[in-house]
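Okay, so here's the structure we're looking at.
The numbers here are math on the coordinates, done by the rules we state, and not lab data. What you see is a predicted model; the values in this text were computed from it and never measured. Cβ placement follows ideal geometry from the backbone for every residue including glycine, while neighbour counts extend to all protein chains displayed.
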Amino acid sequence: MIEPEEKKMLKVLEHILYELREIRHELRPKLLTTIEVQFSKGTFMPTPGPLTLTTVGQTDTAVVVGIDQYGNPWTGAIPPVTYAIDDATIATSTPNADGLTDLITAVANGTANLTATLSTAEWLALSDVEQVIVAIQQAPPVLSAIKVEFQ
């Protein structure tokens, strides 16, 4: 039978063990383990894809957001990113000078896939793919002339 004082001591030790595990978790180095391609969509806060563009020449900026091994947002520097689009007849991909973002431009109706890849300091290759949908609305026909014939 455990004495009341021993029970108290066990609870204190359990609490100390819990706190030590939390400290160990915080001290363990964070690793960039996942990336997500997101799009500015005209705002300052990137949002997940897919990206839909509705006019020829419309642009948006793709950016990679990192996630650590615990599922938390990455707070360190993101390594340089390489972007590639699988169908340049639908949309084009132009890397920006910062090495982190990419300018996407609508070309024609259809769906293309934008792939972002990078290598971490630990030589872990990470990639993500997002759809770029180009849905250009066709202008309705405009009546430009009327021909009237009399019989």
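Summary of computed values
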| read-out | value |
| --- | --- |
| On Cα atoms only, tilt of 4-27 relative to the major axis of the chain in degrees | 40 degrees |
| Ranking of MET45, MET9, MET1 by count of other Cβ atoms within 10 Å, fewest first | MET1, MET45, MET9 |
| D (Stokes-Einstein, µm²/s), Kirkwood Cα radius, segment 31-134, 1.567 mPa s at 4 °C | 94 µm²/s |
| Percentage relative contact order, the chain, counting C-alpha pairs under 8 Å, at least six apart | 22 percent |
| Under 19 Å from the Cα of LYS7 - aspartates and glutamates, other chains or at least 8 residues apart | GLU19 |
